[in-house]
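Here's a structure for you.
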Amino acid sequence: MARRIEYFGDPVLTLEQVAFQCRLEPEDMEPGLISDIIIPGVTTQCESKTGAGIRGAIYEEDWPAGFPSGHALDIGQATEVVSVKVRQPDGTWIDHTGLVEIEQGQRESFVSFPAGRPAGVLRIRYKAVTDLDLHPGVRNWLLMAAATIHRHPEVFLVGQSLSELPSEFLDHLVAEITVPPRF
């Protein structure tokens with residue numbers, strides 16, 4: 001299971017985009033609510049629903065020795081391998097210095113080692129981000145979710161978190177980047 005280490009770059013939506021979607025002027029909105037709760041909340045929901053990195057982030061996952069070269073990463077929309085470490089018999093980690101390639105498919109990204117996969121457990125750190133210009137349905141999902149929450153906060157805001165949105169229509173907007181289930 002991949003762990004998000006940190007986000008990088010700007011949030012995926014702006015206050016102005018959410019205001020436009022809600023048909024309001026930005027100054028008529030509650031900026032703190034939008035920027036601090038709604039935008040991060042819908043981003044996290046979309047990441048959870050799709051298994052893809054929506055906002056740019058660095059992830060880290062451990063591969064057991066049985067995962068071959070060319071295996072899929074846990075998070076979809078991975079764009080770059082930052083580092084690969086190899087676990088040594090004494091439990092320490094050393095950097096892998098060989099060639100590492102990433103192949104980004106529509107839903108999944110795959111890591112391969114052209115000169116051969118290092119033996120043992122690997123710790124792979126990588127960047128993932130969805131190109132919202134290439135996948136405009138994802139931006140639409142985020143905007144519709146943000147507008148719905150803004151218009152009906154009593155239904156979706158629970159303290160400082162968001163409850164899940166209805167999925168019938170919205171799920172189709174993110175289907176093209178949703179990582180298939182693995183067992």
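The values are calculated or read from the model by the stated rules, or taken from the named source; none is laboratory data. This structure is a prediction, so every number in the text was calculated from the model and none was measured. Cβ coordinates were reconstructed from backbone atoms using ideal geometry, including for glycine residues, and neighbour counts include every protein chain displayed. Each accessible area value is taken on the protein alone, full model and side chains, heavy atoms only, with ligands, DNA and RNA left out. Shrake-Rupley method; radii C 1.70, N 1.55, O 1.52, S 1.80 Å.
Report, in degrees rounded to the nearest 10, the 0 to 90 angle that the Cα long axis of helix 39-50 makes with the longest principal axis of the chain.
50
Okay, moving on. Which is farthest toward the positive dipole end of segment 1-109 among 29, 9, 67, measuring Cα position about the Cα centre, with Cβ charges +1 (Lys, Arg) and -1 (Asp, Glu)?
So the residue we want is 67.
Something else: Ignoring ligands, DNA and RNA, what percent of the accessible area of segment 1-100 is carbon or sulfur (1.4 Å)?
Numbers: 2770 of 5250 Å².
Summing carbon and sulfur atoms, their accessible area is 53 percent of the total for segment 1-100.
Please list, in chain and number order, the residues 5+ apart from residue 79 or on another chain whose amide H is under 5 Å from its amide H, with Hs placed from the backbone.
Under 5 Å from the amide H of residue 79 lie the amide H atoms of 127, 128, 129, each far enough along the sequence or on another chain.
Cut-off 10 angstrom, C-alpha nodes, Gaussian network model of the chain. Which of 131, 90, 62 fluctuates the most?
90
Given a 1.4 Å probe, how much area per residue of the chain is accessible, in Å²?
Value for the chain: 54 Å² per residue.
Let me ask something else about it. Using Cα pairs under 8 angstrom and six or more residues apart, how large is the relative contact order of the chain, in percent?
27
Any chance you could run the full-extension gain for residue 28 through residue 6? It's 0.36 nm times the residue separation minus the Cα-Cα distance, nm to one decimal.
4.8 nm
If you line up the long axis of helix 136-151 against the longest principal axis of the chain, both from Cα atoms, how many degrees apart are they, to the nearest 10?
50
Tell me the label-point distance for the pair residue 97, residue 115, using the 7 Å Cα-to-Cβ offset, in nm and rounded to one decimal.
0.9
At a threshold of 8 angstrom on Cα-Cα distance, excluding pairs fewer than six apart, so keeping six or more, what relative contact order does segment 49-137 reach in percent?
44
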